[in-house]
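The values are calculated or read from the model by the stated rules, or taken from the named source; none is laboratory data. The shown structure was predicted, so the numbers you read here are calculated from the model rather than taken from an experiment. FYI the Cβ positions are ideal-geometry reconstructions off the backbone, even for glycines, and counts take in every protein chain you see. For accessibility, only protein heavy atoms count, side chains too; no ligands or nucleic acids. Shrake-Rupley method; radii C 1.70, N 1.55, O 1.52, S 1.80 Å.
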Amino acid sequence: MIPLSLILLAASTHVDLVNEVVRVPAGDWRYVEVGLKQRPAFVSADYTVEPGSGDVRLAVVERDQLELSGKPGGGALPDGALAITAPGRSGRLRYRVPRRGEYAVVIDNLMGAGAAAAHLRVSLDFGGRPGPEVTRLSPARQLTVIAITFAVFFAIVSYSARRLLQGIRR
């Protein structure tokens with residue numbers, strides 16, 4: 001009899017490609033190849049910059065664009081990035097690749113004054129659309145939502161009270 005854990009493992013739609021520290025010289029970029037030969041997938045990439053390193057960013061590009069832009073060290077990040085993060089000390093990128101093909105996740109230190117080391121995790125999810133990530137509104141938006149909710153609530157209560165008082169007086 002096949003153990004249940006093997007069945008669950010075989011049914012997994014999640015594949016880890018990279019989980020390591022990547023070192024990127026100043027003014028340079030490195031990439032991880034992502035080949036989708038059978039079907040499209042969600043590409044997930046997370047990074048955390050190690051202490052003493054500058055800000056970096058991630059991008060998902062088609063492999064052809066990498067070849068057109070040249071090898072790392074050539075200066076510019078490849079044109080036509082499908083998805084890109086803002087420069088920072090950490091970041092997360094989720095992108096649904098629309099079709100099969102060759103892609104790359106690029107870690108970019110072009111704006112950095114010194115070399116950067118970042119712990120990079122790249123994975124693929126071949127399952128259906130993953131559930132929405134839990135997000136939180138900024139404090140200013142939370143306050144706005146609360147204020148609007150109270151205003152609508154008190155407007156309804158005031159209108160109802162006025163109508164009731166008019167009905168009682170008649």
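The set of residues in the stretch 14-52 that are charged (D, E, K, R), open to solvent by less than 70 Å² (accessible area, probe 1.4 Å) and touching a Gly at 6+ places or on another chain (Cβ under 9 Å) comprises ASP28, ASP46. In the stretch 22-36, the residues that are closer than 20 Å to GLY101 by Cβ reach residues that are open to solvent by 30 Å² or more (accessible area, probe 1.4 Å) and in a strand (DSSP E or B) with C-beta atoms within less than 8 angstrom, at least six apart or across chains, in these pairs: VAL32/LEU17; GLU33/GLU102; VAL34/LEU17; VAL34/GLU102; GLY35/GLU102; LEU36/GLU102.
Take the conditions (1) open to solvent by 40 Å² or more (accessible area, probe 1.4 Å); (2) modelled with pLDDT of 85 or more; (3) of a type outside the set (A, V, I, L, M, F, W, C); (4) over 18 Å from VAL18 (Cα atoms); GLY88 misses just one of them, which is (1). Only one entry of GLY112, GLY167 meets the criterion of being open to solvent by less than 60 Å² (accessible area, probe 1.4 Å), modelled with pLDDT under 80 and either outside any loop (DSSP other than H, G, I, E, B) or not β-branched (Val, Ile, Thr) (or both), and that entry is GLY112.
Of all residues assigned to the stretch 60-83, at least one qualifies as being in contact with a Ser or Thr (Cβ under 9 Å, 6 or more places away or on another chain), modelled with pLDDT under 85 and open to solvent by less than 20 Å² (accessible area, probe 1.4 Å).
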